[in-house]
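What follows is a set of notes on a single structure, which appears directly below.
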Amino acid sequence: MGHAMDDKDDSPRRDDERAGPRRRVLFRGELLTGSGPVACTVVDVSAGGARIRTDTPLEPGAPVTLTVPGHPDFQGVIAWGNDGKAGVAFLDIAPRNLDRWGELAATLKLS
């Protein structure tokens, strides 16, 4: 994957502003953007969004679809981005889909 795991949260949001607790994961994924697909690594998820790593600069406010094999696609917007990291704010996520992220992370001993 090319990046060392870093627990530092570079997102501008504080935990008390989040839609729910984060679940640490480590999945390869892809963002479908208006400019085409962008490879990414999902490093954590919550009911409100995901933190990703990518080598491609992303513009805050840009609409995206986050795809990860074995999971439903998630519609969202880029909330922030800096130094190879970005936040995706989900537009809508069902609780059962968030549970699937956590179950897979637990199976892989990542959460």
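Laboratory data are not the source of any read-out in this text; all were calculated from the coordinates shown. Keep in mind it's a predicted model, so treat the numbers as computed, not measured. For neighbour counting, all protein chains shown are included, and Cβ atoms are generated from backbone atoms with ideal geometry for every residue, glycine included.
Please list 78-86, 53-61 highest first by mean number of surrounding beta-carbon atoms within 10 Å per residue.
78-86, 53-61
Pro63: net charge of surrounding residues, Cβ under 14 Å, Lys/Arg +1, Asp/Glu -1, itself excluded?
-3
Can you tell me the length gained on complete extension of the stretch Val77 to Asp55, counting 0.36 nm per residue apart and subtracting the Cα distance?
Once the chain is fully extended between Val77 and Asp55, it gains 6.2 nm.
Between Arg28 and Asp92, how high is the FRET efficiency from 1/(1 + (r/R0)^6) when r is the Cβ-Cβ distance and R₀ = 22 Å? Nearest 0.05. Before the final figure, lay out the partial values.
Working: r = 23 Å, r/R0 = 1.06.
Once the sixth-power term is evaluated, E becomes 0.40.
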